[in-house]
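Enquirer: My structure is below; once you've seen it, I'll send some questions.
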Amino acid sequence: MENLRSFLMEDWLENNRFSAKFNLGESGARARKVEEILNGSDVLSSQVLGKFLNIKLNDSPNWGRLDLREKVAQLHPNATANNVLITTGTSEALFLLFHALKPKKVALALPGFQLLYEVPESFGAQIIPLPIYWDTNGKPFINEDLWLDVLKQNKPDCILINNPHNPSGLIFSAQFIIEIKKLSRNLNATLIGDEHYRFLASTEKTMGETLYDGDKNIFITGSFIKCIGTPGLRIGWCVGNEKVLSQMQNEKNYTTHTVSPIIEWIAYEVIKNISSPLFHEVRNEWKQNKKLLQSFLTETKSIYGTPPEGGLVTSLGFRFARDLDHSESLIQELFKLGVFVLPLNTMEFGNFEFQKKVFCNARVYSKINQGFGFRLGLGIESGKFFEALGIISEVLEAGVRI
Ligand SMILES: Cc1ncc(COP(=O)(O)O)c(C=O)c1O
């Protein structure tokens, strides 16, 4: 394995997470306290302390608590607890999965969450980009036929679909997912669904569709921690065939081994009922912030883009940025007023070959593709979100003249 390059967004997040008045750089819901999480999951405050103090700090079972694995299995058709490995966040699930599968060619949507291409690349895999573009209204889109052609031509042995997608907020259509599944079966490729944002994928339903159907070549990585605002509760899972999961579990024995029983307890209480008041609250806040963002985008002249269809992030463009230096200076102006957003170059916008050629194609593309803008997180209390959007508007209208 090669050394991993630096994780480009992490310094920005770390340097602003604890100080920014308005943290719109994150990809998760507003962070919640243990008490809020448990109360929202119908665990009474009066019971919390007693339950907590009674947790024995032995090693958890190597694959994770059985009742927790059963609950995760229920979210995936045709899965049983034997198809579920509990991990330290989605990141660990992905890392172990890539290591176990050792794919030679991985096709995935780009730009994307860096781990998704960095880790397989460090294991020697070739990365095949499946392009995501932004049009002149800042609306992200894909060319489905192009993706299918790229897959047919390159014949990857692994296809990764992050759905809903970070940082575009796209949800891929059910029909297209069927096409991808068919093709991946024809290519005898492994299909990985990174479903990290599945609990914020529908305004009506408690969760979005999963790729999983019990096929031995399909794996899902996921968690609820970003969706409900508990990124510090390091828990996630991999769902898939037992043989591969068993290999992953063996590798876990050398590092994190098991997830703490304290974390597994909280995770079980959360996931035991995904129709709990907690999940309702999270979805209501998400819907509210999507609405606020939509009306902001309708009115503002200086920013363009769309609210995410799924998940908690979208990528927006500066309408009047002259060049990348100007774009950077506008972001710095926002920081000065306490508004932290993530510059698009931390997600390598503009670095991929297909983004350099975007003007050759029939559809008109925007400069978001080259990084003239920022990733905006919706995971903040609605009142503060409204305030922050007001500041963005003011700074940028003035910034046209900077
Ligand atoms: C698409 C995607 N996958 C995986 C992860 C990693 O998640 P975790 O914090 O559970 O390790 C993230 C984190 O933002 C993500 O956006």
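The values are calculated or read from the model by the stated rules, or taken from the named source; none is laboratory data. This structure is a prediction, so every number in the text was calculated from the model and none was measured. Glycine also receives a Cβ, built like all others from the backbone with ideal geometry; neighbour counts cover every protein chain displayed. Surface areas here come from the heavy atoms of the whole protein model, side chains and all, with no ligands, DNA or RNA. Shrake-Rupley method; radii C 1.70, N 1.55, O 1.52, S 1.80 Å.
Enquirer: Go through Leu316, Leu330 for me and flag whichever is more than 16 Å from the ligand (Cβ to nearest atom) and part of a helix (DSSP H, G or I). Steps first, answer last, please.
Expert: Values: Leu316 fails: part of a helix (DSSP H, G or I).
Criteria check complete, one pass: Leu330.
Enquirer: Further question: What are the pairs with Cβ atoms under 8 angstrom where one residue, in segment 97-116, is touching a residue at least 40 places away in the same chain (Cβ under 8 Å) and open to solvent by 20 Å² or more (accessible area, probe 1.4 Å) and the other, located anywhere, is of a type in the set (Ser, Thr, Tyr) and more than 12 Å from the ligand (Cβ to nearest atom)? Sequence gap at least six, or different chains.
Expert: Sorted first by the residue in segment 97-116, then by its partner, the pairs are Leu101/Thr190.
Enquirer: Here's something else I'd like to know. Have a look at Lys243, Lys226 and point out the one that is closer than 18 Å to Asn166 by Cα, at pLDDT 95 or above, part of a helix (DSSP H, G or I) and charged (D, E, K, R).
Expert: On the way: Lys243 fails: closer than 18 Å to Asn166 by Cα.
Just a single option satisfies the conditions, and that option is Lys226.
Enquirer: Of the conditions (1) within 16 Å of the ligand (Cβ to nearest atom); (2) more than 24 Å from the chain's Cα centre (by Cα), Ala321 fails just one. Which one is it?
Expert: Ala321 satisfies every listed condition except (1).
Enquirer: Checking the structure you have, find out if any residue of segment 271-292 is closer than 25 Å to Gln370 by Cβ and open to solvent by less than 10 Å² (accessible area, probe 1.4 Å). Walk me through how you get there before you give the answer.
Expert: Step one: filter segment 271-292 for residues closer than 25 Å to Gln370 by Cβ, giving none.
Looking through segment 271-292, none of the residues is closer than 25 Å to Gln370 by Cβ and open to solvent by less than 10 Å² (accessible area, probe 1.4 Å).
Enquirer: For segment 4-40, enumerate the residues that are among the hydroxyl-bearing types (Ser, Thr, Tyr) and open to solvent by 40 Å² or more (accessible area, probe 1.4 Å). Write out each step before concluding.
Expert: Initially, segment 4-40 is screened for residues among the hydroxyl-bearing types (Ser, Thr, Tyr), giving 6, 19, 27.
Those that are among the hydroxyl-bearing types (Ser, Thr, Tyr) and open to solvent by 40 Å² or more (accessible area, probe 1.4 Å): Ser6, Ser19.
Enquirer: For segment 312-323, which residues satisfy the criterion of being out of contact with any strand residue (DSSP E or B) (no Cβ under 9 Å at 6 or more places or on another chain) and either at pLDDT 95 or above or charged (D, E, K, R) (or both)?
Expert: Result: Arg322, Asp323.
Enquirer: Can you pull out every residue in segment 249-263 that is buried (at least 20 other Cβ atoms within 10 Å of the Cβ) and more than 15 Å from the ligand (Cβ to nearest atom)?
Expert: Gln249, Thr258
Enquirer: Another one. Does at least one position in segment 194-204 carry a residue that is under 21 Å from Leu94 (Cβ atoms), within 13 Å of the ligand (Cβ to nearest atom) and in contact with a Pro (Cβ under 6 Å, 6 or more places away or on another chain)?
Expert: Filtering segment 194-204 for residues under 21 Å from Leu94 (Cβ atoms) gives 194-201.
Subset that is within 13 Å of the ligand (Cβ to nearest atom): 194-201.
Keeping just the survivors that are in contact with a Pro (Cβ under 6 Å, 6 or more places away or on another chain) gives 197, 201.
Yes - at least one qualifying residue is present in segment 194-204.
The rows are residues; the columns are (1) more than 16 Å from the ligand (Cβ to nearest atom); (2) of a type in the set (Val, Ile, Thr).
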residue: Lys139; (1), (2): yes, no
residue: Val150; (1), (2): yes, yes
residue: Ile161; (1), (2): no, yes
residue: Pro164; (1), (2): no, no
residue: Leu170; (1), (2): no, no
residue: Glu179; (1), (2): yes, no
residue: Asn188; (1), (2): yes, no
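Enquirer: Taking the options Glu2, Glu26, name whichever one is more than 12 Å from the ligand (Cβ to nearest atom), among the acidic types (Asp, Glu) and assigned to a loop (DSSP other than H, G, I, E, B). Talk me through it step by step, then tell me what you get.
Expert: Values: Glu26 fails: more than 12 Å from the ligand (Cβ to nearest atom).
Matching residue, one of Glu2, Glu26: Glu2.
Enquirer: I'd like to verify a number: residues in segment 59-83 that are in a loop (DSSP other than H, G, I, E, B) and open to solvent by less than 80 Å² (accessible area, probe 1.4 Å), how many?
Expert: 11
Enquirer: Can you say whether Leu342 is more than 16 Å from the ligand (Cβ to nearest atom) and either in contact (Cβ under 8 Å) with a residue 24 or more places away in the chain or open to solvent by 70 Å² or more (accessible area, probe 1.4 Å) (or both), as far as the supplied structure shows?
Expert: Details: more than 16 Å from the ligand (Cβ to nearest atom): no; either in contact (Cβ under 8 Å) with a residue 24 or more places away in the chain or open to solvent by 70 Å² or more (accessible area, probe 1.4 Å) (or both): yes.
For Leu342, the condition - more than 16 Å from the ligand (Cβ to nearest atom) and either in contact (Cβ under 8 Å) with a residue 24 or more places away in the chain or open to solvent by 70 Å² or more (accessible area, probe 1.4 Å) (or both) - is not met.
Listed here are the residues, each with its yes/no results for (1) within 16 Å of the ligand (Cβ to nearest atom); (2) within 14 Å of Ala267 (Cβ to Cβ).
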residue	(1), (2)
Asn54	no, no
Leu57	no, no
Val84	yes, yes
Gly89	yes, yes
Leu96	yes, no
Leu101	no, no
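Enquirer: Name every residue in segment 133-181 that is under 19 Å from the mean Cα position of the chain (by Cα), without any contact (Cβ under 8 Å) to a residue 60 or more places away in the chain and open to solvent by 30 Å² or more (accessible area, probe 1.4 Å), in order of residue number.
Expert: Ile142, Ser173, Ala174, listed by residue number.
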